[in-house]
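The structure appears below as structure tokens.
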């Protein structure tokens, strides 16, 4: 191009304005870009050699990194890896630990998507699963084999609200070099930090309470940074053996951070469930009000549960904050700031009763989600637990008349009034049924 000649239209539309004025925004900036420029050849070589700096958003992004650092701090972990969904977080965490021929021990009371992942997908990769009653410590112990690579459970079971005794289960695993992976979506780091009780890895669906607004998907894996090569190396050769080029092992390079580094450097970027920087930004914005929302949601949920427990239409309420719940004392030990917002209620009228309620509520929204600022309701038998047998559903606390609530931040009087008008309508429903019987 001739000296001082103006670039052509197509060149200018791509390049002009690319160099922005340096500024220091107070809000987290959104680096919405696939890749990042390098100043010279040495910088690019250094990035691909040591991982320093940023080269491509799939392997690292400033917006994503900022949210990861915040989540690691809130969980009390060594490092966090943000991914595209909660399901991706579970998948990446388990694939970082287990491979073909390996075995995992899992609580039978888990999210159906995770259960399907284990039974349908990881099974095809040669990973075997043994499901156990999470409350039966002997079952965890007896299920261990030389090929066991992980324990997996949720802090609060879906749908019975049972509490995982994290310290006890993690101790069983640690004695044999097996890490406990905990899904803490229901409890969030504000209510419970599993790493403080012995868990090795925590996962969340960041789409839920962390984001809070129900607008984006995301997931996170938080590692404790305490990988012990001497105690666990025989179960995780991929962390303690030299790499395929004969270089240093992850344990040699990273010490106790080996497991987290493997998740970040090998599993997450290669399987590719990368989060959008925009989603990361919105999750980060949600985290800024996490404690305020979860505190209010927990208070509202307990008030709703107590109110429902007194209603004649209600057969049972499974909320660990109630003295009637069998895990109430265990919950008081682990959940000192509140019991969360998700619980179930079983109505006496069965399927027709819940059909009336979900189609009558106006403030509470009928949808597949939880952890939203809005109160939500869902019928587990016909949705989240539809793929289970009747016996499996009943063990999970799911019956034809069971509803799952995720209580939001609305005024409590409005929530109770909404439920009252829906439940009051059941009397009319019963009368209609009786009249039909008489006519027949």
Helix 277-287 axis, angle to the chain major axis (alpha carbon atoms, nearest 10°): 50 degrees
query: Mind checking the angle between helix 290-309 and the chain's longest principal axis? C-alpha axes, 0 to 90 degrees, to the nearest 10.
result: 20 degrees
- prompt: How high is the relative contact order of the chain, in percent, with contacts defined as C-alpha pairs under 8 Å that are six or more residues apart?
  reply: 15 percent
message: At 1.567 mPa s and 4 °C, plugging the Kirkwood radius over alpha-carbon pairs of the stretch 72-190 into Stokes-Einstein gives what diffusion coefficient in µm²/s?
response: 89 µm²/s
message: Taking a ≥ b ≥ c as the square roots of the Cα gyration tensor eigenvalues, with a/c under 1.5 meaning rounded and otherwise prolate when a/b beats b/c, else oblate, which class fits the stretch 159-224?
response: prolate
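Quick one: work out the % antiparallel among DSSP beta bridges in the chain, nearest 5.
Values: 24 of 42 bridges.
So the antiparallel bridges amount to about 55 percent of the total.
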- line: Once both label points are put 7 Å beyond Cα along the C-beta direction, the residue 167-residue 228 separation in nm becomes 1.8 nm
query: For the stretch 248-283, list residues with backbone N below 16 Å from a point placed 7 Å from the Cα of residue 50 toward its Cβ?
result: 253-254
- line: Ranked output for segments 23-31, 353-361 by mean other Cβ atoms within 10 Å, highest leading, reads 353-361, 23-31
field: Spin-label pair residue 355/residue 40, simplified geometry with 7 Å Cα→Cβ offset, distance in nm
entry: 7.4 nm
- prompt: Calculated from the structure, mean projected area of the Cα convex hull in nm² equals which of (i) 27.8; (ii) 19.3; (iii) 57.3?
  reply: (i)
- request: Calculate how many DSSP beta bridges within the stretch 41-287 are antiparallel, expressed in % of all such bridges and rounded to the nearest 5.
  value: 40 percent
- request: Sticking with the crude label model, points 7 Å out along Cα→Cβ, report the distance from residue 137 to residue 278 in nm, one decimal please.
  value: 5.0 nm
task: Specify whether the C-alpha gyration tensor of the stretch 41-287 places it in the rounded, prolate or oblate class, a ≥ b ≥ c being the square roots of the eigenvalues: rounded for a/c under 1.5, otherwise prolate if a/b is larger than b/c and oblate if not.
output: oblate
task: Could you check what % of the DSSP bridge pairs in the stretch 313-440 are antiparallel, to the nearest 5?
output: 85 percent
message: Suppose a student asked you for the relative contact order of the stretch 41-287, using Cα pairs under 8 Å spaced at least 6 residues apart; what percent would you report?
response: 25 percent
field: Length-normalised contact order for the stretch 290-439 - Cα pairs under 8 Å, 6+ apart - percent
entry: 27 percent
- line: At the level of C-alpha centres, the distance separating the stretch 264-332 and the stretch 103-126, in angstrom, is 22 Å
query: Mind checking the angle between helix 86-95 and the chain's longest principal axis? C-alpha axes, 0 to 90 degrees, to the nearest 10.
result: 60 degrees
message: Quick check on the chain: helices-only [θ] at 222 nm, where DSSP H runs of length 4 and up contribute -39,500 (n - 2.57) each and the sum goes over total residues. Nearest 500, please.
response: -11000 deg cm²/dmol
- prompt: So how do 325, 366, 319, 254 line up by other beta-carbon neighbours within 10 Å, fewest first?
  reply: 366, 254, 325, 319
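No value in this document is a laboratory result; all are computed from the given coordinates. Since the structure is predicted, the reported quantities are computational estimates derived from the model, not experimental observations. No Cβ is skipped: glycine too gets one built from the backbone with ideal geometry, and neighbour counts run over all protein chains shown.
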